[in-house]
Amino acid sequence: MKYKAILFDLDGTLLPMDNDEFTRGYFGLLSAHLAPRGYQPKEFIGAMWKGVAAMITNDGSCLNGDRFWSVFSGLMGEHVYDDIPFFDDFYRNEFHSAVAFCQPTPLAVAAVEQAREKAGKVVLATNPFFPLVAVEARLSWTGIKTEDFDLVTHYGNSRYCKPSPEYYIEIAKELSVEPRECLMIGNNAKEDVRAAQMAGMDAFLLTDCLICDGELPDCPQGSFEGLLEFLKRL
């Protein structure tokens with residue numbers, strides 16, 4: 001099938017990683033960066049997770065970023081808004097140390113190049129929990145730039161999160177394409193595949209860093225090498 005848009009997940013897909021290991025390492029680095037600002041790690045990390053949970057359940061009435069900071073400030077105090085530059089500084093600097101918790105592969109560049117040859121639009125459909133500066137940092141570890149995509153989702157331009165099908169529907173609307181004209185590629189059976197299928201998209205399940213509870217979904221699937229062959233045949 002000729003797709004008008006091909007979407008890629010980032011964490012565990014274009015950027016291979018063990019998600020739990022990365023999250024522990026990332027929070028450790030962020031907590032250390034913010035400790036001089038008076039943030040206590042246990043309280044801080046708990047508030048961060050509650051902010052993430054609020055984004056996951058966002059109903060589309062506001063941007064994910066606004067939802068996060070509303071919940072986070074409610075738990076930590078209004079002063080957190082003054083500290084946003086310190087968060088951004090972390091993502092521009094110390095956050096790059098978190099590449100140690102990932103396994104970047106040159107096949108990511110090849111996959112995006114293949115997708116560009118096969119579809120008019122290519123999207124970085126990473127779960128929009130992070131600000132753009134954090135997405136740019138993680139993406140740089142793959143050798144790919146945000147400019148290589150027609151759309152990059154982040155918490156400043158998205159109103160839904162995976163596994164909501166509305167996240168994918170919102171992307172299709174932004175691209176002015178129908179969901180059935182899109183292919184989603186990701187390593188998470190629930191968030192990347194089933195949610196995209198519920199929105200009306202086709203999907204490919206990348207199995208190198210597979211996340212799957214229960215049965216595998218009904219879709220093409222395979223390793224990074226298999227993905228490149230799949231894209232070549234489109």
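Site-free segments of the chain were taken between trypsin sites (Lys or Arg not before Pro) in DSSP loops having at most 14 other Cβ atoms within 10 Å, sites themselves excluded; the longest one is 3-144. Across all Cα atoms of the stretch 1-111, the radius of gyration (one decimal) and Dmax (whole number) stand at 16.5, 54 Å. The residues of the stretch 1-59 expose, per residue, 47 Å² of accessible area to a 1.4 Å probe. Based on the reciprocal of the average 1/r between different C-alpha atoms, the Kirkwood radius for the stretch 165-234 equals 12.2 Å.
For the chain, the carbon plus sulfur part of the accessible surface works out to 51%, probe radius 1.4 Å.
Note: the stretch 111-196, Cα convex hull, 93 Å³ per residue. With all protein chains kept in place, the per residue accessible area of the stretch 128-234 amounts to 44 square angstrom at a probe of 1.4 angstrom.
Would you mind telling me the antiparallel percentage of the DSSP bridges in the chain, rounded to 5? Among the beta bridges of the chain, antiparallel pairing accounts for roughly 5 percent.
The values are calculated or read from the model by the stated rules, or taken from the named source; none is laboratory data. Not measured: the values here are computed from a predicted model. In this analysis, Cβ positions are derived from the backbone assuming ideal geometry, glycine residues included, and neighbour counts consider all displayed protein chains. Surface accessibility is based on the protein's heavy atoms, side chains included, excluding ligands, DNA and RNA. Shrake-Rupley method; radii C 1.70, N 1.55, O 1.52, S 1.80 Å.
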